[in-house]
Amino acid sequence: MRIGELAARTGVSIRSLRYYEEQGLLVSRRSASGQRHYTDNEVERVHFIQRMFAAGLSSRTIAEVLPCVDSPSAESVDAAMARMERERDRLSEHIAELSRTRDALDELMATNRSYRATFRAAAS
């Protein structure tokens with residue numbers, strides 16, 4: 001199938017599919033005229049790549065994890081798990097940082113509410 005059909009079947013833009021290929025996440029064969037051609041297997045692969053992006057993984061991390069899919073072995077499975085665990089730890093720290101930021105904003109909002117109440121009382 002050509003890139004437009006793959007895009008239609010996966011709901012992923014042609015631009016994204018080209019990006020996946022540039023990043024080594026997706027492989028096509030080229031026709032004599034240079035058009036990309038994909039197999040039906042690429043539909044499932046694109047859906048899998050989309051799930052990994054949705055899980056917060058970068059294209060670099062996805063490229064590191066894909067050998068577990070392409071050539072499963074005890075070593076590649078262990079490497080993929082270790083990489084995903086590092087990503088999960090990174091996301092957990094980011095969530096904690098966002099929570100601290102939200103708490104700081106809540107404090108500023110509480111100060112503002114107090115100031116507004118004082119300001120309104122003085123204006124009355």
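The values are calculated or read from the model by the stated rules, or taken from the named source; none is laboratory data. Keep in mind the model is a prediction, meaning the values are calculated, not measured. Neighbour counts run over all protein chains shown; Cβ positions are idealised from the backbone, glycine included.
Can you report the number of residues in segment 24-66 which are touching a Leu at 6+ places or on another chain (Cβ under 7 Å) and small (Gly, Ala, Ser)?
Within segment 24-66, residues that are touching a Leu at 6+ places or on another chain (Cβ under 7 Å) and small (Gly, Ala, Ser) number 3.
Are there any pairs, at least 6 apart or on different chains, whose C-beta atoms fall under 9 Å, with the first in segment 29-56 and more than 15 Å from ALA7 (Cβ to Cβ) and the second of a type in the set (Phe, Trp, Tyr), and if so, which?
If the second residue must be of a type in the set (Phe, Trp, Tyr), the pairs left are ARG29/TYR38.
Results for (1) surrounded by 15 or more Cβ atoms within 10 Å (Cβ to Cβ); (2) not basic (Lys, Arg), shown as yes or no for each residue.
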{"position": "GLU22", "(1), (2)": "no, yes"}
{"position": "ARG30", "(1), (2)": "no, no"}
{"position": "GLU44", "(1), (2)": "no, yes"}
{"position": "MET52", "(1), (2)": "yes, yes"}
{"position": "CYS68", "(1), (2)": "yes, yes"}
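Does PHE119 satisfy being of a type outside the set (Val, Ile, Thr), assigned by TED's automatic domain parsing to the domain that holds LEU25 and either more than 21 Å from VAL27 (Cβ to Cβ) or within 14 Å of the chain's Cα centre (by Cα) (or both)?
So PHE119 fails the test.
One line per residue, one yes/no per condition, for (1) among the hydroxyl-bearing types (Ser, Thr, Tyr); (2) on the phi < 0 side of the Ramachandran plot; (3) surrounded by fewer than 15 Cβ atoms within 10 Å (Cβ to Cβ):
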{"site": "THR10", "(1), (2), (3)": "yes, yes, no"}
{"site": "THR39", "(1), (2), (3)": "yes, yes, yes"}
{"site": "SER73", "(1), (2), (3)": "yes, yes, yes"}
{"site": "SER76", "(1), (2), (3)": "yes, yes, no"}
{"site": "ARG88", "(1), (2), (3)": "no, yes, yes"}
{"site": "LEU91", "(1), (2), (3)": "no, yes, yes"}
{"site": "ASP103", "(1), (2), (3)": "no, yes, yes"}
{"site": "LEU108", "(1), (2), (3)": "no, yes, yes"}
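Name the residue that is nearest to GLY11 (Cα to Cα), counting only residues in segment 57-68 that are among the hydrophobic types (A, V, I, L, M, F, W, C) and without any contact (Cβ under 8 Å) to a residue 24 or more places away in the chain.
VAL65
Mind telling me which of the residues ARG113, ARG86 ends up being of a type in the set (Lys, Arg) and either within 20 Å of the chain's Cα centre (by Cα) or within 19 Å of GLU22 (Cα to Cα) (or both)?
After ruling out the rest, the residue left standing is ARG86.
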